[in-house]
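In what follows, a single structure is set out as structure tokens and then discussed.
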Amino acid sequence: MDKDKIVEEWKLLYELGTAISLTTELKKLFHVVLTAVTIGDGLGFNRAAIFLYNRPNNTIDGILGVAPDSIQEATIIWDTLKNLDIRGKMASWLINEINIEAQLNSNFNKIISQFRINIEKDTIFKNIYQKEAFIFNSNNLGSDDKIFKELNFEEFAFAPLISREQPIGAIVADNFYNKRPITQDDISTLFLFSNQSAIAIENLMGVETYKNMSKRLIEEQQNLIHQKHIFNLGRAVADITHEIKNALIGAIGFVERAKKLSDTNQQTYKYLEIVKKELDRVYNLTLDINRYSKGQNRSVKKQFDLEKLILDTVETLKTIDSKNQNIKFETSLSEFAKYLYGDPDQIKQVLINLTKNSMEAISNKKDGLIKISTYKEDKFIVISVEDNGGGIDVKFLPYVFKPFYSTKSHGTGLGLSIVREIVQEHNGVINLNNFVGKGAKFIIKIPNITEEEKDEKKDNGG
Ligand SMILES: Nc1ncnc2c1ncn2[C@@H]1O[C@H](COP(=O)(O)OP(=O)(O)O)[C@@H](O)[C@H]1O
Ligand SMILES: [Mg+2]
């Protein structure tokens, strides 16, 4: 290269570098870089593409390809650019005048942007590790480099993108339309330019990661604020229901007294009975809400006798249901699931809520049956409650675990929400096998942690 040419080259690189450094958005930067490679007053190639090394996937990914779709289009573009006289104003032209939309829509870009190849394959992209640019032709291609054949690359320039000594990808360019031979000067200018570009690309990728990170941080912060609101709301609800409960206990007591004072045949007595029933209902609601807000409290976990807990609970529920003699209870409790690590009070609540639902589902049936089973499965203790009460209508399925959702005239809709809360608190999962028209089976799986394992955890924790 003679001296004049070198000065020219440095001027050019300076202008292109200015354009690159003034671009603040990564996506736009790819367009600026490739346009610089392809405009006649820039590096003057006919077509150019950027590929980036995707480190986590160990692949080379096509990012953007810039090329006119036909020789006619190419000629129009070149003629326009010739008349524009953009030399000296190239930086601002590159930043402001690129038709990004048109570049994205070219057939060339469509193929490039969908390209991905594993770097372990037989591909010329292995040359991203080289510290120089090359002129390649179709004889240099690897057996997996089908894309270059598909796009009819014959002679082309290959310049690795190197930033801080690390390969981040490559620029590939050729003179597909005017068939101008690629010179060593072209290659050395392209290599200088690709190094400038690589640093800019890497910087903007860093900015992008930083932007994403701070976005996620903000989202998380908002989540936290939201959770705190819910927590405070939960507290307020618990306080209020506590007050209501106390008032109700008083009121129910006086209604009982008034009932005793009035004649059972009197209309007053019947009214009082209705009042009592309604008050009982609200009282039960306060109990459920209380449990629901407690469900979010920390539980007191220990190894306990699950079998005994289930048998006791069934006995209690049977007596509650003394008027309904139709219901049969069946238990099938595995000796391998005799003990469970958890909060016995909360697990009892789970059993009561599920069994009560089953009892309500079969209350009108003659042959109502509730089966409670336990067994061990891998690292889980499984508890299931099954009934033949007709199951749940498919259209209600998405809602049954939602708080305050109930299909019962006197339901609180909190039973299953409490169950789910407690199961989650035990790091377990709950599943529903629903047999429409036949019955429902709720299956709970809780990790089986033995006392020793728990101690080990403590020890390891320091
Ligand atoms: N075993 C079951 N069989 C049929 N439907 C059920 C069963 N368990 C729950 N459901 C349905 O899920 C809804 C929500 O249950 P739950 O949260 O316990 O509230 P509630 O019992 O107060 O209605 C019930 O209203 C009912 O429609
Ligand atoms: Mg219920």
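The values are calculated or read from the model by the stated rules, or taken from the named source; none is laboratory data. All values reported here derive from a predicted model rather than from experimental measurement. Neighbour counts are summed over all protein chains in view; Cβ atoms, including those assigned to glycine, are modelled from backbone coordinates with ideal geometry.
Here are some notes:
Quick grid of which residues meet (1) loosely packed, with under 13 Cβ neighbours inside 10 Å; (2) modelled with pLDDT under 95:
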residue: Glu25; (1), (2): yes, yes
residue: Asn46; (1), (2): no, yes
residue: Asp61; (1), (2): no, no
residue: Gly65; (1), (2): no, no
residue: Asp69; (1), (2): no, yes
residue: Ile76; (1), (2): yes, yes
residue: Leu84; (1), (2): no, yes
residue: Ala91; (1), (2): no, yes
residue: Ile112; (1), (2): no, no
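- Between Lys365, Lys395, the distinction of being more than 15 Å from ligand 2 (Cβ to nearest atom), in a helix (DSSP H, G or I) and either in the same structural domain as Leu317 (by TED's automatic domain parsing) or modelled with pLDDT of 90 or more (or both) belongs to Lys395 only.
- Asp321 meets each of the listed conditions (1) modelled with pLDDT under 85; (2) within 38 Å of the chain's Cα centre (by Cα); (3) surrounded by fewer than 20 Cβ atoms within 10 Å (Cβ to Cβ); (4) within 16 Å of ligand 2 (Cβ to nearest atom) apart from (2).
- Counting residues in region 221-241 that are modelled with pLDDT of 85 or more and either surrounded by fewer than 15 Cβ atoms within 10 Å (Cβ to Cβ) or under 21 Å from Pro403 (Cβ atoms) (or both) gives one or more.
- Whichever residue in region 421-452 is under 20 Å from Leu351 (Cα atoms) and part of a helix (DSSP H, G or I) and, among such residues, is farthest from ligand 1 (Cβ to nearest atom): Glu425
- Of the residues screened, Thr355 is one that is within 13 Å of ligand 2 (Cβ to nearest atom), crowded, with 17+ Cβ neighbours inside 10 Å and either closer than 19 Å to Leu285 by Cβ or free of Cβ contacts under 8 Å to residues at least 60 places away in the same chain (or both).
- Region 256-285 residues that are in contact (Cβ under 8 Å) with a residue 24 or more places away in the chain, paired with ones that are of a type in the set (S, T, N, Q) and in a helix (DSSP H, G or I) (beta carbon under 9 Å, 6 or more apart): Leu285/Thr241
- Qualifying residue in region 86-106 (condition: within 19 Å of Val172 (Cβ to Cβ), assigned to a helix (DSSP H, G or I) and either in contact with a His (Cβ under 6 Å, 6 or more places away or on another chain) or in contact (Cβ under 8 Å) with a residue 60 or more places away in the chain (or both)): yes
- Scanning region 148-175 for residues that are crowded, with 21+ Cβ neighbours inside 10 Å, out of contact with any helix residue (DSSP H, G or I) (no Cβ under 7 Å at 6 or more places or on another chain) and in contact (Cβ under 8 Å) with a residue 40 or more places away in the chain yields a total of 2.
- Residue match in region 413-420 (condition: touching a residue at least 24 places away in the same chain (Cβ under 8 Å) and either small (Gly, Ala, Ser) or more than 9 Å from ligand 1 (Cβ to nearest atom) (or both)): yes
- Candidates in region 400-436 are the residues that are among the aromatic types (Phe, Trp, Tyr) and within 13 Å of ligand 2 (Cβ to nearest atom); of these, the one that is surrounded by the fewest Cβ atoms within 10 Å (Cβ to Cβ) is Phe404.
- Filtered residues of region 329-354 (kept if within 17 Å of Glu421 (Cα to Cα) and of a type outside the set (A, V, I, L, M)): Tyr341, Gly342, Asp343, Pro344, Asp345, Gln346, Lys348, Gln349, Asn353
- 2 or more residues under 35 Å from the mean Cα position of the chain (by Cα) and assigned by TED's automatic domain parsing to the domain that holds Leu204: qualifying strands (runs of 3 or more DSSP E) within region 108-189: 116-118, 156-163, 166-174
- If the condition is being touching a residue at least 60 places away in the same chain (Cβ under 8 Å) and within 10 Å of ligand 1 (Cβ to nearest atom), then region 381-411 contributes Pro403, His410.
- Of the candidates Thr189, Thr286, Thr209, the single residue that is under 30 Å from Val7 (Cβ atoms) and either surrounded by fewer than 12 Cβ atoms within 10 Å (Cβ to Cβ) or β-branched (Val, Ile, Thr) (or both) is Thr189.
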